[in-house]
Amino acid sequence: VQLQASGGGLMQAGGSLRLSCAASGGTFGSYAMGWFRQAPGKEREFVTNIDWRGTSTFYADSVKGRFTISRDNAKNTVYLEMNSLKPEDTAVYYCAADRYGVAPTTSIDDYDYWGQGTLVTVSS
C-alpha cells in the first residue's frame, strides 16, 4: 500500500487548508485511516482517525472543533479539513493506514502504512 499526502502549504493564522491522502494498492476501503503530525523538534503525535466506513471519528483535544477528517472509499482518499489554523499547527502531517479498520487507534505503532508527509506552516 502506498499513501501519497498532499495539500500542505503556508497559511496565515485563522486560515484553512485541506489535506488529501490518496492510497494505491491494498484494500483501502477496509482500513482505518489516521492523520499524525510532527512539529520541529517534537515527537510525532496523533491528530485524528476514522474507521473503515467513515462513520466513527476521533480527534486530539488540540484540534477538536477545528479539524475534520473524512474519506471517500470510491476514490481511495482520506481528507483532513483544517480550519482556524494556529501557529502551533505548524508541522509535517502524515497519513497512515491501519489494516484493522473496525477500531482505529491513536497509537503510532498500530498503523501499518505511512505516507511521506506534507508540510503545513502557519504564520502568526
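Annotations
- Test result for Pro40, over 15 Å from Arg18 (Cα atoms), of a type outside the set (Gly, Ala, Ser) and more than 14 Å from the chain's Cα centre (by Cα): yes
- Subset of region 55-78 [part of a loop (DSSP other than H, G, I, E, B), touching a strand residue (DSSP E or B) at 6+ places or on another chain (Cβ under 6 Å) and open to solvent by 30 Å² or more (accessible area, probe 1.4 Å)]: Asn76
- Among the residues making up region 33-46, those that are in a loop (DSSP other than H, G, I, E, B) and either open to solvent by 60 Å² or more (accessible area, probe 1.4 Å) or within 13 Å of Asp112 (Cα to Cα) (or both) are Pro40, Gly41, Lys42, Glu43, Arg44.
- Selected residue (criterion: nearest to Tyr59 (Cα to Cα)) from residues of region 21-32 that are in a strand (DSSP E or B) and open to solvent by less than 30 Å² (accessible area, probe 1.4 Å): Ala32
- Subset of region 1-27 (residues that are closer than 16 Å to Asp72 by Cα and at pLDDT 95 or above): Leu3, Gln4, Ala5, Ser6, Arg18, Leu19, Ser20, Cys21, Ala22, Ala23, Ser24
- Members of region 5-20 that are within 12 Å of the chain's Cα centre (by Cα), buried (at least 16 other Cβ atoms within 10 Å of the Cβ) and farther than 15 Å from Thr68 by Cα: Ala5, Gly8
- Residue among Val92, Val122 that is in a strand (DSSP E or B), over 12 Å from Tyr31 (Cα atoms) and either more than 12 Å from the chain's Cα centre (by Cα) or of a type outside the set (A, V, I, L, M) (or both): Val122
- Candidate set: region 94-116, residues that are of a type in the set (Gly, Ala, Ser) and modelled with pLDDT under 95; chosen: the one surrounded by the fewest Cβ atoms within 10 Å (Cβ to Cβ): Ala103
The values are calculated or read from the model by the stated rules, or taken from the named source; none is laboratory data. These numbers were taken from a predicted model, which means no experiment stands behind them. Glycine gets a Cβ as well: all are built from the backbone with ideal geometry, and neighbour counts include every protein chain shown. To get the accessible areas, we keep the full protein, side chains included, count just its heavy atoms, and leave off ligands, DNA and RNA. Shrake-Rupley method; radii C 1.70, N 1.55, O 1.52, S 1.80 Å.
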